[in-house]
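Below: one structure, written as C-alpha cells.
The values are calculated or read from the model by the stated rules, or taken from the named source; none is laboratory data. Please read these numbers as outputs of a predicted model, since none were measured by experiment. All Cβ positions, glycine included, derive from the backbone under ideal geometry; neighbour counts span all protein chains shown.
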Amino acid sequence: MKNSDITKWQTKVDVSNKILCQDGRMVALESGLYAVYTQLYILAYPEEGVDEARADSLWHGVFRSNPADGKSVERAERAEEQLMKRYWTLTWKGGVVEVSSHLAGIFNLSSNDELSVRWSILDEFEVSPDRKMTYFGMYKIH
C-alpha cells in the first residue's frame with residue numbers, strides 16, 4: 001500500500017485569518033489555537049471481470065511539519081507529526097463503492113506550521129475532486 005499527500009486544492013484563503021495555502025499545505029502564519037477539518041470522498045472501482053468480495057484497509061490523516069525545525073532541509077526529509085488519523089476497513093463486492101472520511105480537531109499551532117492531508121492509495125481507489133465532497137481547511141480560534 002502506498003500513501004500520498006493530496007496537493008490539488010482549490011484555494012479560497014482569507015489572509016486576514018492568518019493562514020496561507022501553498023503546495024497543497026495549509027500554513028499557520030502566527031501561533032495560536034486552530035480548528036482543522038478535512039473530508040475525503042473516495043470512489044472505489046472494481047477490477048474488470050473480478051466479482052469476488054474483498055476487504056481493503058484504508059486511512060486518512062493530517063500531518064504537521066515546520067520548516068524552522070528542518071532548517072533548509074528538503075520537505076521530504078522534515079520530521080512530521082501525525083495530528084489526526086482515521087483507519088477503516090472497506091468490505092465490498094463488484095460495482096462502484098463510494099465512502100467518505102471526515103476528521104476535525106482543535107490544535108495549538110506554532111507560526112509556520114504546515115499541515116497536509118494524506119491517505120492510503122490502492123490502485124482501484126480515487127479521491128473525488130468535487131469540492132463539496134472533498135475538502136481541507138482551518139481557521140484561527142484564538
Exercise. Does segment 85-110 hold any residues that are in contact (Cβ under 8 Å) with a residue 60 or more places away in the chain and farther than 18 Å from ASP23 by Cβ, and which are they?
Worked result: SER100, SER101, HIS102, LEU103, ALA104, GLY105, ILE106, PHE107, ASN108, SER110
Exercise. Across segment 55-82, what is the total count of residues that are modelled with pLDDT of 85 or more and farther than 22 Å from ALA104 by Cα?
Worked result: 0
Problem set entry | Selected residue (criterion: modelled with the lowest pLDDT) from residues of segment 24-41 that are hydrophobic (A, V, I, L, M, F, W, C), surrounded by fewer than 21 Cβ atoms within 10 Å (Cβ to Cβ) and in a strand (DSSP E or B) | VAL27
Problem set entry | Whichever residue in segment 94-121 is touching an Asp or Glu at 6+ places or on another chain (Cβ under 7 Å) and farther than 21 Å from MET133 by Cα and, among such residues, is surrounded by the most Cβ atoms within 10 Å (Cβ to Cβ) | SER111
